[in-house]
Amino acid sequence: MSDLDEYLELNRDRFEEDLCELLRIPSISTDGEYASEVRRAGEWMNDQFRDLGLESRIIDTDGHPIVYAESPPIEGAPTALVYGHYDVQPPDPLEEWNSPPFEPDRRDGNVYARGATDDKGQMLTHVKSVQAWMETEGKLPLQVKYVIEGEEECGSGGLLAFLENRESHELLAADAVVISDTSQFGPGQPAITYGLKGIAYYELHLTGPQQDLHSGSFGGAVANPANALGRMLAALVDEFGRIQVPGFYDDVVPLSDQERQQFAALPFSEEAFCEQIGVVALGGETGFSTLERRWARPTCDVNGIWGGYQGEGSKTVLPGRAGAKFSFRLVPDQDPQKVTQSLREMLESLCPPGIAMELRDMHGAPGVVVSLDSPYMSAAAKAIESGFGRSPVFIRQGGSIPIVTAFKEALGADPLLLGWGLDDDNTHSPNEKFCLSDYHRGIKASTYLWRELSRVESDE
Ligand code: BES
Ligand code: ZN
């Protein structure tokens, strides 16, 4: 056993303790009330990097801070840039958690907490692997840079603005970008993700009468914002799962036959999938398989909806206001801004007289497909095999990481999306977890990744 392997074995508990410390910080980026906690998580990361002997600093943005750290350059070896996020989604609904979301609980081989898999646990694997190198070898075989942000869960505004500045390109310049914020294909089957969806997120606010009215006295004579909302949202998708926004599919890159065959060859069970999420049937766009719909076709989902009486019992009211949060997942080459324009025109034409509508464009990012054909990709596959004992399959996924396309454009580097999570990790939902064995396998894979990447000849 090498010194590195031995170090990883001996420090398993310490690695878990450190993760739990970070998980105790409620760094909820979408809720302004938690801004100081988000900063505290950023400072925690900064301290971690400094403890490793790296140069690290906090970069302030208009939103939450970015943490930037780097190890010294290594002559003749490439540079890797690790991206991750230390912010998390809100933990609601709280009553559905079996243990409090910010009191990490290690049980049945998992750690349960908000952010366990998305992304604190996954991101930290790339810090602990550097710790292993520093504490056994005294240095890394290549230069590693980190850019860890606190706004991924609300659109990455600060980091996107930072990347618009040319100087940041030099600071972040790297041969390979490493991101662990995705999932494995299944338990025991690691994956490298080569495609992610984009997103276009909105809030629709409808306002009718100046206050709630008696639905008997006024119903039928006054347009009801909740009724209008129902009709407007329903018009977005037809019975075949086709999105009805004019021109929506114009730029969609169709799935190739080869890709469809590759998806079909993966061992995916619809029955097991139904059971995992507790449904009796699946639905979606006609003419596409479940994996095709999840990974490579655009979708539309209402994410939240309000209006009228929500309390117990019945109340015959015609609400003065109603609204919804909804989003489209996009695929290459759809442009979120184009979608917004067409969506706005469509909704305006559907909005009945007597109701005022406001469509708020919350955030957007395009989808991405990265090239599998690079020596860095092969190096990553080898490292995963060393860490997980099995070579990865190559898959696409339906989630979005807004910064990926910006990295591609600003740094000219395709990201290596090496996911250690699982589909049943309850990402964004109650009882989020991360499998502790996957945490340790991820640390091991990352430890080997530095060696494998260092052997790839740098372009410079
Ligand atoms: N880790 C996810 C992205 C992800 C999820 C990738 C599932 C692959 C599979 C990431 O932290 C995330 O949740 N992103 C948001 C981005 C959005 C708020 C702009 C998402 O996808 O909803
Ligand atoms: Zn997330």
Worksheet entry | Accessible surface of the chain [probe 1.4 Å, protein heavy atoms]: carbon and sulfur percent | 46 percent
Worksheet, complete the sentence: The orientation-averaged projected area of the Cα convex hull of the stretch 87-180, in nm², is 8.3 nm²
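Over the stretch 114-258, what is the relative contact order in whole percent, taking alpha-carbon pairs under 8 Å and six or more residues apart? Can you show the working numbers first?
Values: 47 pairs, mean separation 19.9, N = 145.
Across the stretch 114-258, relative contact order equals 14 percent.
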Item to complete: Give the peptides 353-360, 320-327, 31-38 in descending order of average Cβ contacts within 10 Å, highest first.
Response: 320-327, 31-38, 353-360
Worksheet item: Amide H neighbours of Gly198 under 5 Å, counting only residues 5+ apart in sequence or on other chains, H built in-plane at 1.01 Å?
Response: Leu330, Val331, Gly367, Val368
Worksheet item: What is the distance, in nm, between label points placed 7 Å from the Cα along the Cα-to-Cβ direction at Arg50 and at Arg344?
Response: 4.5 nm
Worksheet, complete the sentence: Residues of the stretch 292-316 with backbone N under 15 Å of the label point set 7 Å from the Cα of Gln189 along Cα→Cβ are 292, 295
Worksheet item: Between Val237 and residues 5 or more places away or on another chain, which pairs have amide H atoms under 5 Å apart, with H built 1.01 Å from N, and which residues are they?
Response: Gln244
Worksheet item: Taking only Cα atoms, what is the 0 to 90° angle, nearest 10, from helix 436-454's long axis to the longest principal axis of the chain?
Response: 60 degrees
Worksheet item: How would Tyr7, Tyr448, Tyr146 line up by accessible area, probe 1.4 Å, largest first?
Response: Tyr448, Tyr7, Tyr146
Worksheet item: Which residues' amide hydrogens lie under 5 Å from the amide hydrogen of Thr61, considering only partners 5 or more residues apart or on another chain, with H built in the peptide plane?
Response: Ile66
Practice prompt. For Arg106 paired with Thr136, estimate the spin-label separation in nm (one decimal), with each label point 7 Å from Cα along the Cα-to-Cβ line.
Written response: 2.0 nm
Discussion item. So, for the chain, what is the accessible surface per residue at a probe of 1.4 Å, expressed in square angstrom?
Written reply: 45 Å²
Worksheet, complete the sentence: With Cα coordinates, the longest principal axis of the chain makes an angle with the long axis of helix 121-137, in degrees rounded to 10, of 10 degrees
Item to complete: Working from the alpha-carbon coordinates of the chain, get Rg over Rh, Rh being the Kirkwood radius.
Response: 0.99
Worksheet item: Plugging the Kirkwood radius over Cα pairs into Stokes-Einstein for the stretch 1-129, at a temperature of 10 °C and a viscosity of 1.306 mPa s, what D comes out in µm²/s?
Response: 99 µm²/s
Discussion item. Rounded to the nearest 20 debye, what is the charge dipole size of the chain about its Cα centre when +1 sits on each Lys and Arg Cβ and -1 on each Asp and Glu Cβ?
Written reply: 820 debye
Discussion item. If the only charges are +1 at each Lys and Arg Cβ and -1 at each Asp and Glu Cβ, what is the size of the charge dipole of the stretch 194-261 around the Cα centre, to the nearest 20 debye?
Written reply: 160 debye
Practice prompt. Mind checking the full-extension length gain between Ser217 and Phe394? Use 0.36 nm per residue of separation minus the Cα-Cα distance, one decimal, nm.
Written response: 57.7 nm
Fill in: Distance from the stretch 62-133 to the stretch 175-246 (C-alpha centre basis), Å
28 Å
Item to complete: Compare the Cα positions of Pro141, Thr193, Pro26 along the charge dipole of the chain (+1 at Cβ of Lys, Arg; -1 at Cβ of Asp, Glu; about the Cα centre) and return the one farthest towards the positive end.
Response: Thr193
Worksheet item: What does the convex hull of the alpha-carbon atoms of the stretch 332-417 project to on average, in nm²?
Response: 7.9 nm²
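Report the full-extension gain for the segment Asn98 to Glu164: residue separation times 0.36 nm, less the Cα-Cα distance, to one decimal in nm.
Numbers: separation 66, 0.36 × 66 = 23.76 nm, distance 4.27 nm.
Answer, rounded to one decimal: 19.5 nm.
If you take the beta carbon distance between Asp251 and Asp361 as r and set R0 to 22 Å, what does 1/(1 + (r/R0)^6) give as a FRET efficiency, to the nearest 0.05? Each step should come with its number before you reach the end.
Details: r = 18 Å, r/R0 = 0.83.
The calculated FRET efficiency here is 0.75.
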Worksheet item: Put Asp51, Asp105 in order of accessible area, largest first, 1.4 Å probe: what do you get?
Response: Asp51, Asp105
Item to complete: Could you go through the stretch 334-341 in sequence order and give the Karplus-derived ³J(HN,Hα) for each residue, using 6.51 cos²θ - 1.76 cosθ + 1.60 with θ = phi - 60°, rounded to whole Hz, and x for Gly and Pro?
Response: 5, 10, x, 5, 5, 4, 4, 4
Worksheet entry | Cα centroid of the stretch 1-56 to Cα centroid of the stretch 279-332, whole Å | 35 Å
Fill in: Size of electric dipole in the stretch 48-153: Cβ of Lys, Arg +1 and of Asp, Glu -1, about Cα centre, debye, nearest 20
560 debye
Worksheet item: What per residue convex hull volume, in Å³, comes out for the stretch 1-77 when only alpha-carbon positions are used?
Response: 128 Å³
Practice prompt. Multiply the residue separation of Gln261 and Trp306 by 0.36 nm, subtract the distance between their alpha-carbon atoms, and state the gained length in nm to one decimal.
Written response: 12.0 nm
Item to complete: Round to the nearest 10 and give me the degree value, 0 to 90, for the angle of helix 225-234's Cα axis relative to the longest principal axis of the chain.
Response: 60 degrees
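Under the definition of Cα pairs under 8 Å and six or more residues apart, what whole-number percent is the relative contact order of the stretch 328-424? Before the final figure, lay out each step's value.
Working: 55 pairs, mean separation 27.0, N = 97.
Averaging sequence separation for qualifying contacts and normalising by length gives 28 percent for the stretch 328-424.
The values are calculated or read from the model by the stated rules, or taken from the named source; none is laboratory data. From a predicted model like this one, the values you see are computed outputs, not experimental measurements. Please note: Cβ atoms are built from the backbone with ideal geometry, for glycine as well, and neighbour counts cover all protein chains shown. Please note that ligands, DNA and RNA were not included when accessible areas were found on the heavy atoms of the full protein model with its side chains. Shrake-Rupley method; radii C 1.70, N 1.55, O 1.52, S 1.80 Å.
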